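Report on the following structure.
The values are calculated or read from the model by the stated rules, or taken from the named source; none is laboratory data. Given the structure is predicted, the values throughout are model-derived calculations rather than measurements. Positions of Cβ are generated from backbone atoms using ideal geometry, with glycine treated the same way; all protein chains shown enter the neighbour counts. Just so you know, the surface numbers come from the protein's heavy atoms only, side chains and all, with ligands and any DNA or RNA stripped out. Shrake-Rupley method; radii C 1.70, N 1.55, O 1.52, S 1.80 Å.
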Amino acid sequence: MPAGNAQLVPIIWQQLPGASRAEIYPYIRKVDVISSNSYLIRTPDAILLIDPGGLTDQAEMLASVIAGCRAERDRPVFVILTHAHVDHFNGMRDVPAFAYANTAVLMVQEEGALALERGDRFLTQADMFNVSIPPIQVGVHLFSPTRQDQADIPVELYPANEGHLVITRSPEDHAGNRTAHERIMVGASLVVDCYHTPGHSPDSICIRIGSLFFIGDLLFAANPGVAGLSGWSQEGLVRSLSMMEPLLSGEEITIICPGHGRTITPKDAASMMTMVKKDALALSDIAEFNRERATEAAVYAEDCMEEVNELFTIMAGRLDYVAYVLSELGEAGIAENASALMNGDKVDELLDAFRSFAEEHHRGQNLSVHLALKAGQVIGKLERSFNKSDLARIIDPSMIRRAERLLSDYTTMFRGYTPPREIAPVDLSSLLDVLVAGFTIPPCSDDDVLSSTDDDSAFAAILMARIGARPLLEDVDFSMEGKPEHLPVVLDRDLFTDLITYVLEDLVGIGSDTIRAEVRTTDTAAMLTITGNVVTADTETGRTRRFLHGLSERAGGSLTTGRDESGATQYMIQVSRAI
């Protein structure tokens with residue numbers, strides 16, 4: 001998330017911009033799904049806490065700050081939620097300062113208030129995070145239907161904490177050009193403007209106090225692993241984003257305070273809202289993101305990341321080799337340009353971070369959603385870590401395409417869609433001929449390099465490709481038997497190509513310098529058997545096996561593994577013949 005010029009300083013009291021008698025104490029966390037930011041506000045006659053967060057330690061620290069304020073000057077405490085997801089409120093449940101209605105009055109939008117009062121595990125996301133929540137009393141229902149017919153009429157409330165609220169509902173906009181709005185006067189001096197902004201959840205609100213705008217999770221609502229949560233609405237989100245954009249265009253708001261991560265400028269927030277709305281518009285018919293899908297995503301994440309790690313390791317190694325050879329040839333400038341195409345240190349850092357997170361996840365038996373979200377975060381950063389088009393001119397383009405497909409397929413699956421595939425009639429014999437040629441013939445020859453010396457840019461491109469794009473079977477004795485001239489089958493050409501590539505990489509990777517392929521047919525099926533010549537212990541991890549079997553099924557076939565009579569590793573891929 002971009003940083004704005006106007007920043008709040010965390011964990012100290014400071015003047016709240018635009019509100020002369022108010023101070024703010026921001027508790028700002030790094031972005032995660034465990035707990036939200038919290039914003040504590042005090043005036044001479046009231047204390048208001050926006051989102052206590054999901055962690056007990058966080059709520060206890062805030063309660064201690066509140067206790068200090070009340071020791072100086074006793075005043076009523078109010079807690080307002082931007083929405084009733086557990087990461088925004090669950091930390092306060094066992095903290096005495098928040099646990100009783102006469103110590104702190106909770107204010108939540110009507111639908112969220114009802115969800116809390118009935119202990120709804122789904123709208124609160126308690127089910128996703130595998131926590132139980134008892135019914136929670138909500139002192140003030142914001143946007144209550146009882147005030148809908150009282151537009152512009154101030155309604156006075158005297159909650160159990162001896163505080164005083166005056167709530168004024170704005171007239172309903174039947175044309176749909178303005179979101180629902182309530183103004184709350186907290187005590188004698190604190191003006192709190194609330195805007196109902198459903199989408200991320202049905203009870204989401206944005207809050208303006210002074211020149212600060214607290215927006216909850218509005219900017220994250222189209223993210224993978226967030227979009228599709230129980231209560232999520234594409235239509236509501238797009239409308240809410242559209243309604244909020246005009247508020248950011250004026251000079252009244254100077255700092256945006258999100259539910260997660262650092263504060264930002266209105267200009268940055270407006271740009272992000274435009275991108276979020278674009279993403280949201282593409283999410284029609286998204287599947288619900290629930291605990292079952294989070295578990296599925298976590299399993300796929302580990303399988304996917306293991307293959308991503310191998311691919312990026314090969315790509316980085318090839319690029320380092322290219323740069324080294326070019327430097328040895330006295331082409332330091334070209335070598336530097338090649339090295340810049342992938343941030344190898346960043347890639348290593350991201351992959352190491354995921355590996356460490358996954359290990360800690362398994363040791364602590366943590367929630368699947370955390371691992372699935374971590375994978376989504378890492379994959380998003382990996383996609384920005386390498387120059388795809390230029391890298392494909394140096395390294396085998398099919399390797400770059402496989403990396404792109406792995407990353408995009410995870411995001412697609414995480415969003416609740418089925419990764420794309422196109423099962424169609426294909427001549428298997430012709431496809432195998434093309435694949436074998438690509439695996440054995442270099443994309444350019446030494447003669448190509450020599451003939452390009454008169455053109456500096458062409459010479460650099462061909463030289464890098466000659467060094468970097470090494471055919472997979474360059475040093476392997478490969479043969480194929482039983483392949484007919486034509487063999488029509490039905491499969492996804494790209495995914496089948498990826499599958500064959502992974503199988504051959506595995507065999508070459510364990511040291512096979514001789515690989516035999518054999519095609520056999522029945523009336524309904526074609527079987528491709530690929531066998532190396534190295535006898536090893538089981539070369540597949542459980543994750544690798546799951547990944548290859550899943551890829552085979554998506555390609556339109558089935559995969560079995562075994563050993564030949566000598567004990568060498570063998571892969572058998574079956575696909576249906578075209579009728």
Query raised in the report: If Glu422 satisfies every condition in (1) touching an Asp or Glu at 6+ places or on another chain (Cβ under 8 Å); (2) without any contact (Cβ under 8 Å) to a residue 60 or more places away in the chain; (3) closer than 30 Å to Val436 by Cβ but one, which is the exception?
Result: (2)
Report summary line: Of (1) buried (at least 18 other Cβ atoms within 10 Å of the Cβ); (2) under 20 Å from Tyr502 (Cα atoms), Arg466 satisfies every one except (2)
**Report entry** Search result, residues across segment 207-241 that are in a loop (DSSP other than H, G, I, E, B) and touching a helix residue (DSSP H, G or I) at 6+ places or on another chain (Cβ under 7 Å)
**Finding:** Ala221, Ala222, Pro224, Gly225, Val226
Query raised in the report: Would you pick out the residues in segment 326-348 that are of a type in the set (Asp, Glu), under 21 Å from Ala469 (Cβ atoms) and open to solvent by 60 Å² or more (accessible area, probe 1.4 Å)?
Result: Glu328, Glu336
Query - Verdict on Thr514 being out of contact with any Cys (no Cβ under 7 Å at 6 or more places or on another chain), over 26 Å from Ile423 (Cα atoms) and open to solvent by less than 40 Å² (accessible area, probe 1.4 Å) - result: yes
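Only one residue in Ile395, Ile379, Ile441 is farther than 29 Å from Ile515 by Cα, out of contact with any strand residue (DSSP E or B) (no Cβ under 7 Å at 6 or more places or on another chain) and hydrophobic (A, V, I, L, M, F, W, C). Which one?
Sole residue among the options that is farther than 29 Å from Ile515 by Cα, out of contact with any strand residue (DSSP E or B) (no Cβ under 7 Å at 6 or more places or on another chain) and hydrophobic (A, V, I, L, M, F, W, C): Ile379.
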**Report entry** Failed item, numbered, when Ile153 is tested on (1) at pLDDT below 95; (2) aliphatic (A, V, I, L, M); (3) in contact with a helix residue (DSSP H, G or I) (Cβ under 9 Å, 6 or more places away or on another chain); (4) in the same structural domain as His88 (by TED's automatic domain parsing)
**Finding:** (4)
Requested in this report: Can you tell me which residue among Ala297, Ala282, Ala323 is modelled with pLDDT of 85 or more, open to solvent by less than 40 Å² (accessible area, probe 1.4 Å) and closer than 30 Å to Ser233 by Cβ?
Outcome: Ala297
Report summary line: Within segment 46-73, the count of residues that are open to solvent by less than 60 Å² (accessible area, probe 1.4 Å), over 23 Å from Ile133 (Cα atoms) and assigned to a loop (DSSP other than H, G, I, E, B) comes to 0
Report task. State yes or no: is Ala316 surrounded by fewer than 17 Cβ atoms within 10 Å (Cβ to Cβ) and among the hydrophobic types (A, V, I, L, M, F, W, C)? Result -> no
Query raised in the report: Pick from Ala151, Ala104, Ala99: which is open to solvent by less than 20 Å² (accessible area, probe 1.4 Å) and small (Gly, Ala, Ser)?
Result: Ala104
Report summary line: Considering segment 405-434, residues that are open to solvent by 30 Å² or more (accessible area, probe 1.4 Å) and closer than 24 Å to Phe312 by Cα, and then whichever is farthest from the chain's Cα centre (by Cα), we arrive at Arg421
Report task. Show the residue pairs that are 6+ apart or on different chains and have beta-carbon atoms under 7 Å apart, the first residue being within segment 390-411 and closer than 15 Å to Asp303 by Cβ, the second being modelled with pLDDT under 85 and open to solvent by 10 Å² or more (accessible area, probe 1.4 Å). Result -> Asp409/Pro419
Report summary line: Filtering segment 18-35 for residues that are assigned to a loop (DSSP other than H, G, I, E, B) and open to solvent by less than 40 Å² (accessible area, probe 1.4 Å) leaves a count of 3
Query raised in the report: Restricting segment 171-191 to residues that are open to solvent by less than 30 Å² (accessible area, probe 1.4 Å) and among the small types (Gly, Ala, Ser), which is nearest to Ile207 (Cα to Cα)?
Result: Gly187
Query raised in the report: So how many residues does segment 239-260 have that are under 15 Å from Phe220 (Cβ atoms) and at pLDDT 95 or above?
Result: 7
Query raised in the report: Out of (1) surrounded by 15 or more Cβ atoms within 10 Å (Cβ to Cβ); (2) outside the structural domain of Ala269 (by TED's automatic domain parsing), the odd one out for Gln7 is which?
Result: (1)
Report task. May I ask you to list the residues in segment 421-455 that are at pLDDT 80 or above and in a loop (DSSP other than H, G, I, E, B)? Result -> Arg421, Glu422, Ile441, Pro442
